[in-house]
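So the structure is just underneath, and the comments pick up after that.
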Amino acid sequence: MKNIVLFGPPGAGKGTQAEIIKNSYNLFHISTGDVFRNNIKNNTPLGILAKGYMDKGELVPDDVTIEMLNNEVVCNLDSNGFIFDGFPRTTSQAIALDKLMDLNNTIISAMIALEVEDETLISRLVKRGKTSGRSDDSDESIIKNRISEYYKKTSILKEYYQQKDRYYGINGEGQVNDISFRLKELIDSL
Ligand code: AMP
């Protein structure tokens with residue numbers, strides 16, 4: 001199994017690239033943000049809980065997020081591997097993911113960060129907000145809070161994976177196709 005964590009702040013392009021990469025390598029794509037949004041759409045108890053945090057640009061609590069992720073993985077173990085988009089976002093989540101991989105006799109092959117300047121992130125998210133219908137993309141103060149949550153709670157995961165020698169960074173600026181090319185070159189070399 002090849003299990004890839006796509007990493008980077010909101011607006012780095014994780015979702016866009018995950019969609020391309022999953023087809024190239026036949027991986028199962030899990031976007032925790034998408035799973036939460038589906039739950040919100042279907043008005044489930046999980047969706048109602050998550051919405052309170054997402055609307056403020058805050059992270060949903062770890063216990064809830066980890067349980068949801070576990071379910072998504074366990075239901076799709078027949079795949080070639082996973083591409084995780086938006087998970088893990090905290091150290092507890094990273095530890096839980098390692099345990100889950102271990103239980104299934106596999107590992108995270110790589111964390112790949114899409115490196116993008118903050119100004120690019122904000123302009124991409126504001127632009128996306130015009131068409132995505134996402135309330136957390138439509139207000140610049142919520143966008144800034146999401147980026148700040150990333151620097152406070154998530155960016156330290158770089159060290160977590162560096163210590164395991166499984167952290168890689170690529171330039172996430174420029175055209176979508178160019179970024180996919182860099183990403184595939186890296187994945188092929190793993
Ligand atoms: P995303 O679609 O990845 O930008 O996520 C949108 C929102 O969903 C985030 O701002 C969080 O509120 C929530 N979310 C998504 N993934 C996670 C996660 N791994 N941990 C906590 N909250 C998450």
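The values are calculated or read from the model by the stated rules, or taken from the named source; none is laboratory data. On a predicted model such as this, the values are computed, not experimentally measured, just so you know. Counting neighbours? That spans all protein chains shown, and the Cβs are built from the backbone with ideal geometry, glycine included. Remember, those area values only see protein heavy atoms, side chains included, never the ligands or the DNA or RNA. Shrake-Rupley method; radii C 1.70, N 1.55, O 1.52, S 1.80 Å.
The residue of region 9-34 that is surrounded by the fewest Cβ atoms within 10 Å (Cβ to Cβ), among those that are of a type in the set (A, V, I, L, M, F, W, C) and within 19 Å of ARG128 (Cα to Cα), is ILE20.
Taking the options ASP62, ASP98, ASP102, name whichever one is open to solvent by 30 Å² or more (accessible area, probe 1.4 Å), more than 16 Å from the chain's Cα centre (by Cα) and among the charged types (D, E, K, R).
Working: ASP62 fails: more than 16 Å from the chain's Cα centre (by Cα); ASP98 fails: more than 16 Å from the chain's Cα centre (by Cα).
Being open to solvent by 30 Å² or more (accessible area, probe 1.4 Å), more than 16 Å from the chain's Cα centre (by Cα) and among the charged types (D, E, K, R) holds for just one of ASP62, ASP98, ASP102, which is ASP102.
If we keep just the residues of region 41-53 that are part of a helix (DSSP H, G or I) and open to solvent by 50 Å² or more (accessible area, probe 1.4 Å), which is farthest from the ligand (Cβ to nearest atom)? Checked region 41-53; the qualifying residue farthest from the ligand (Cβ to nearest atom) is PRO45.
Residues considered: ILE30, ILE48, ILE66, ILE83. Of these, the only one that is without any contact (Cβ under 8 Å) to a residue 24 or more places away in the chain and aliphatic (A, V, I, L, M) is ILE48. Condition first: within 11 Å of the chain's Cα centre (by Cα), part of a helix (DSSP H, G or I) and either within 10 Å of the ligand (Cβ to nearest atom) or charged (D, E, K, R) (or both). Now tell me which residues in region 5-32 satisfy that. Selection gives LYS14, GLY15, THR32.
Condition check ((1) out of contact with any Pro (no Cβ under 7 Å at 6 or more places or on another chain); (2) open to solvent by 20 Å² or more (accessible area, probe 1.4 Å); (3) within 12 Å of the ligand (Cβ to nearest atom)) across all residues:
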position	(1), (2), (3)
LYS56	yes, yes, yes
ASN76	yes, yes, no
ALA94	no, no, yes
ARG128	yes, yes, yes
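Being of a type in the set (Phe, Trp, Tyr) and in contact with a Phe, Trp or Tyr (Cβ under 7 Å, 6 or more places away or on another chain) narrows it down to one residue among PHE84, PHE28; which is it? Talk me through it step by step, then tell me what you get.
Numbers: PHE84 fails: in contact with a Phe, Trp or Tyr (Cβ under 7 Å, 6 or more places away or on another chain).
Of PHE84, PHE28, the one residue that is of a type in the set (Phe, Trp, Tyr) and in contact with a Phe, Trp or Tyr (Cβ under 7 Å, 6 or more places away or on another chain) is PHE28.
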